[in-house]
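Bear in mind that the values in this text are calculations on the coordinates, not laboratory data. Just so it is clear, the model here is predicted, and its values are computed rather than measured. With ideal geometry, Cβ positions are generated from the backbone for all residues, glycine too; neighbour counts draw on all protein chains shown.
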Amino acid sequence: MESSDNVYSLYKCRLLRVYSLTDEEKLFLLRFEDSDIAESWSFIPGQFVQVALPGVGEVPISICSSPMRRGFFELCIKKVGKVTSMIHKLQPGDCVGIRGPYGNGFPMDEFEHSDILLIAAGIGMVPLRSVFMYAVDNRWKFGNITVINSARYGDKLLFRKELEAMRDIAEAENIKIIQTVTRDPEWPGRVGRAQEHIKDANTDPKNSCVAVCGPPQAYRSIFEKLIEAGYDPNKIYVTLERRMKCGVGKCGHCIAGSSTFLKYICIDGPVFGYYDIISTPGLI
Amino acid sequence: MRYLKLGSRNIDEFLGRISNYGDLYAPQKISEKFYDYRKVEDISQVEFNYNRTITPAKKYFIPPKHEMFEFDMETGEYTETMGDVKPFVLFGLHACSIVALRILDGVYLNEYPDKYYAARRKAGIIIGISCLPDEYCFCNLRRTDFVDIGFDLFLHELPDGYLIRVGSERGHEIVDENMDIFEEVSNDDIENFKKFEKKRHEMFKYEGSFDNLRYILELTENSPLWDEESEKCLGCGNCTMTCPTCRCYDVQDLPDIDGKHGKRIRFWDSCQFRSHGLVAGGHNFRETKKDRFINRYVCKNAYFYPLGTSYCVGCGNCTYFCPAGIDFLKNLIKIRDVVGEVAHGEQ
Amino acid sequence: MKIGIHGLTSCYGCQLSMAVVKRILDVSEKFDIKYFYMLSSAGKIEHVDVAFVEGSVSTDEDEKELRMIRENADVLVAIGSCAIHGGVQSILFSEGIGYEEAFKTVYGDKKMDYNGRIAQPLDKFVKVDYRLPGCPPEEEEIMYYLATFAIGSWPEEKDYPVCAECRRAGNPCILIEKGEPCLGPVTVAGCDARCIKYGIPCIGCRGPVSDVSWFDSLAMSFRDRGMDKEYVKKRMAIFASRYEGLNEMIDKIYGD
């Protein structure tokens, strides 16, 4: 990124495309106005950026595209608050301010040469899509891949169509895509929570890295099922969400954990390992 | 380390000289019982013997409320508005306050240095002063009652002046440029320094160690103490605002009525406020008053590893300035000690 | 953007505050002001983007007017302590005095051409989208609220007490130091602790902090400083008589 001595400086990004994914989520394709930044800017799957609209505010948003695709990046944004509501009103051609990327991201080097199991519940698919796309872009580095994408209703499954469209290629590439819903009687496909489909993954529990993202209350039961199925707890990672104002370990809103393990989610996370989670009250 | 003596007769002169290095701020009596750092207009107002200030020294480095940027809503340009920070002299910090600033350094000058903090920190000359504890102080338990670094000069009280420790290059320069008001340290001064230190140690109400406290705290999250004490809490945030290491801030965009301009400001926030852990969509990571109450105990007793000390420096401000009379230290001791036994180390 | 500025039963101080903002010309340029009763009686209630409503519901007519305002507004903002909490005039509520009794005490056997009632805040009748507190609101906050609406956004309400601003301002705490009956810990911030700065304890005029005003804890603190129940109850009720559970919180500390 262009050098600025102010870590809170924002860099202008133009929206190239805007897609509606569900009634609440939109996918934005962005490019830095400064072409040097646009071409050199990179990130690790699991990292996030601060998105700013002058006059409205700033919010942390996970990047959901693959870092292999230079020149642009994608953000999937759910309309929930003041800033995201205003972002949803934007059209291609409009600009936002971006700073980052921030956070540790998933340890992709460690994921290499292993099978990858991605488990997403609801909006949890957003950061995991980045991992998935990265793995697809570097297909030769990884073993078998399974994505379990879950939501309450079929029309709430994020990236549902994209994942469906990939099915044929996926099969040829040893990638298994499982999409499941919990409350939709109309849904023709799989039903039940994400963890109930772990047994159908094409990944070898003895040689897999697992990335999980979903609502905090889902984690314990996902962990149980994973360990029951023989996955190595040391190779289970989750990514967490908090309120953040700075993204750089200052403002304190994302501080979580306990007195022996106090962490700024923004710089020490948002990705944490299984043992960090189970030994630290307050992280999830 | 370099040591010098400042004789009583030269104290006013010393204050005058240091104010040549920038605007001078020092503890002053602001009301019947309270002290606070204020700009020194009259050196006779400088208070050498005070226990604590109602606003911690952090206010000079992280102002309670300040502007970060001005922005143009039409072009999306953000312009940084902090001008040059003029040099200033902060006189009269106690050891715990200096450790507190070093903790803030660790946070604000990490791999993402905060420019607003860094500029003020660079501009500030820090002059420490020795103190005697009152019943609220427990810096000894936090091992922050004596500082090795983090100051330019540190003054230790003697019966006839101050023994000065020089703690930085800037400190050496100040001393070198004003040698005429300093003397060499005599054997008597050394004995008096030792006497003062002994007296200081003897005055602490509690002794022992708090090093294992963070583990005990973690193990006792279900203690009924948290219900009882949080019940008294007003959620007013006085504890965090007066804490020298509490550093949470909030950011707000203030658009102008013209719809074209505006500014981004930041101001002190507190984990005791409901919105602190609230995310868009309504989930709150610290939903109840009790959650927020415990959060402060957890956060303050966690270790700041670069310094090997807890985020709490034992200054006693949160207890002294609590309108509900909640005693932070007593609660920690209750948590630490064996149920049913008399408080360990109480004198 | 169309706005309306309305007043139910109140002193009209909030409307006055809105009328005298320094940049009233910018406001009138930015907004199409459809209704501003204090400035002109010519306006009629019609559809607006944002309606600002001052005052409490103290008559049947107030209720009728409020419902009409709500039906015609996309966003409704309660302005000031009367609209948000019922105001000083609702104090009778916490004292358990009925309207008939109060009327008789003040007016004797006189007849009025309206049907009065003990004052109530707007949210007892209609959905309130945002609250702009104050008695009256501060100019800075009025401008902030207006500016956020003007850009299609909305204001962030303060959820913390006066104490925070008092400490940021570097004031001595008069509750701790002098045992003054300061309501700063339970009163919503925004005034920069103006009264305390002059040594006057907060009377709570901006109203309680929504959902997180711990009157019980403050009553305990007052009790421990020797204040009696009647005094504490009266003081707390001035601006907070309609605050959910106020009497219970005080009773819990002092006993019934």
Looking at chain A as a GNM with Cα springs under 10 Å, which of A:CYS251, A:CYS64, A:CYS266 has the largest mean-square fluctuation?
A:CYS251
Dividing the surface of the Cα convex hull of the stretch A:48-197 by four yields a projected area in nm² of 10.1
Which Rg and Dmax, in Å, describe the Cα atoms of the protein assembly as shown?
30.1, 93
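Assuming 0.890 mPa s and 25 °C, estimate D for the stretch B:2-203 with Stokes-Einstein, Rh taken as the Kirkwood radius over Cα pairs, in µm²/s.
D = 134 µm²/s.
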Are there GluC sites (Glu not before Pro) in the stretch B:76-183 that DSSP marks as loop and that have at most 14 other Cβ atoms within 10 Å, and which are they?
B:GLU111, B:GLU135
So for A:HIS88, C:HIS47, B:HIS156, fewest C-beta neighbours within 10 Å to most, what's the order?
C:HIS47, A:HIS88, B:HIS156
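With both partners inside the stretch B:2-203, how many of the DSSP beta bridges are antiparallel, as a percent to the nearest 5? Intermediate values should be presented prior to the final figure.
On the way: 23 of 35 bridges.
Counting DSSP beta bridges with both partners in the stretch B:2-203, the antiparallel share is about 65 percent.
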Cut-off 14 Å between beta-carbons: net charge of the residues surrounding C:GLY86, Lys and Arg +1, Asp and Glu -1
-1
Report the antiparallel proportion of the DSSP beta bridges in chain B as a percent, rounded to a multiple of 5.
75
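State to the nearest 20 debye the size of the charge dipole of the protein assembly as shown about its Cα centre, where the only charges are +1 on K and R beta carbons and -1 on D and E beta carbons. Before the final figure, lay out the partial values.
Details: 110 positive and 130 negative charges, 166 e Å.
Approximately 800 debye in magnitude.
Based on the Cβ-Cβ distance from C:GLU61 to C:ASP129, what FRET efficiency comes out when R0 is 30 Å, to the nearest 0.05?
Values: r = 23 Å, r/R0 = 0.77.
Calculated transfer efficiency: 0.85.
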Tell me, rounded to the nearest percent, the portion of alpha carbon pairs in chain A spaced more than 25 Å apart.
45
Compute the signed sum of charges (Lys and Arg +1, Asp and Glu -1) over the other residues within less than 13 Å, Cβ to Cβ, of B:ARG38.
-2
Of B:LEU153, B:LEU93, B:LEU234, which has the largest mean-square fluctuation in a 10 Å C-alpha GNM of chain B?
B:LEU234
Using only the alpha carbons, work out the radius of gyration and Dmax of the stretch C:162-254 in angstrom.
12.2, 34
Dipole of chain B [Lys/Arg +1, Asp/Glu -1 at C-beta], most positive-end residue of B:GLN272, B:GLY282, B:ALA302
B:GLY282
Among A:VAL56, B:LEU163, A:SER85 the positive-end extreme of the charge dipole of the protein assembly as shown (Cβ point charges)
A:SER85
For B:LYS33, A:LYS250, C:LYS233, A:LYS161, ascending order of other Cβ atoms within 10 Å (fewest first) is A:LYS161, B:LYS33, C:LYS233, A:LYS250
Difference of contour (0.36 nm per residue) and Cα-Cα distance, B:GLU197 to B:ASN284
26.6 nm
Given 20 °C and 1.002 mPa s, compute D for chain B with the Stokes-Einstein relation, Rh being the Kirkwood radius over Cα pairs; round to the nearest whole µm²/s.
97
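Any idea what the relative contact order of the stretch B:226-291 is, in percent, if you count C-alpha pairs under 8 Å spaced at least 6 apart? Intermediate values should be presented prior to the final figure.
Numbers: 76 pairs, mean separation 20.6, N = 66.
The value is 31 percent.
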Computed D for the stretch A:108-238, Stokes-Einstein, Kirkwood radius over alpha-carbon pairs, 20 °C, 1.002 mPa s, to the nearest µm² per second, is 148
For a quick check: sort C:HIS85, B:HIS261, B:HIS66, A:HIS197 by the number of other beta carbons within 10 angstrom, fewest at the front.
B:HIS66, B:HIS261, A:HIS197, C:HIS85
Computed [θ] at 222 nm, deg cm²/dmol, chain A (DSSP H ≥ 4; -39,500 (n - 2.57); rounded to nearest 500)
-5500 deg cm²/dmol
So for the stretch A:108-238, averaging the separation of alpha carbon pairs under 8 Å that are six or more residues apart and normalising by length, what relative contact order in percent results?
31
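Could you list the GluC sites (Glu not before Pro) in the stretch C:1-102 that lie in coil according to DSSP, counting only those with at most 15 other Cβ atoms within 10 Å of their Cβ? Could the numbers behind the result be given before it?
Working: sites: C:GLU29, C:GLU46, C:GLU54, C:GLU61, C:GLU63, C:GLU65, C:GLU71, C:GLU95, C:GLU100, C:GLU101; in loops: C:GLU46.
Passing sites in the stretch C:1-102 are C:GLU46.
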Angle check, please: helix A:125-137 long axis (alpha carbons) against the longest principal axis of chain A (alpha carbons), in degrees 0 to 90, nearest 10.
80
Between 0 and 90°, nearest 10: helix C:139-150 axis offset from chain C longest Cα axis
50
Which of the GluC sites (Glu not before Pro) found in the stretch A:162-215 are in a DSSP loop and have at most 10 neighbouring Cβ atoms, other than their own, within 10 Å?
A:GLU186
Measure up C:LYS110/C:LYS229; A:LYS89/B:LYS115; A:LYS78/A:LYS206; C:LYS104/C:LYS124; A:LYS245/B:LYS260; A:LYS12/A:LYS79 against 28 Å on the Cα-Cα distance and list the ones that go over.
C:LYS110/C:LYS229; A:LYS89/B:LYS115; A:LYS78/A:LYS206
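So if I place +1 on the C-beta of Lys and Arg and -1 on the C-beta of Asp and Glu, and nothing else carries charge, what would the dipole magnitude of the stretch B:204-347 be about its Cα centre? I want it in debye, nearest 20. Kindly include the intermediate steps, with their values, before the conclusion.
On the way: 18 positive and 19 negative charges, 92 e Å.
The dipole of the stretch B:204-347 has a size of about 440 debye.
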Pairing the Cα long axis of helix C:229-240 with the longest principal axis of chain C, what angle in degrees results, from 0 to 90 and rounded to the nearest 10?
10
If each part is reduced to its alpha-carbon centroid, the stretch B:293-322 and the stretch C:1-29 end up apart, in Å, by 46
Partner lysines whose C-alpha sits under 25 Å from that of A:LYS199, ignoring same-chain residues fewer than 8 away, are A:LYS141, A:LYS156, A:LYS161, A:LYS176, A:LYS225, A:LYS235
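Counting DSSP beta bridges with both partners in chain C, what percentage is antiparallel, nearest 5? Working shown, then result.
Values: 5 of 23 bridges.
That works out to approximately 20 percent antiparallel.
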Most mobile of B:MET73, B:MET82, B:MET241 in a GNM of chain B (Cα contacts under 10 Å)
B:MET73
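Find the relative contact order for the stretch A:240-284 and round it to a whole percent, using C-alpha pairs within less than 8 Å whose residues are 6+ positions apart. Numbers along the way, then the final one.
Details: 54 pairs, mean separation 16.8, N = 45.
Reported as a whole number, the value is 37 percent.
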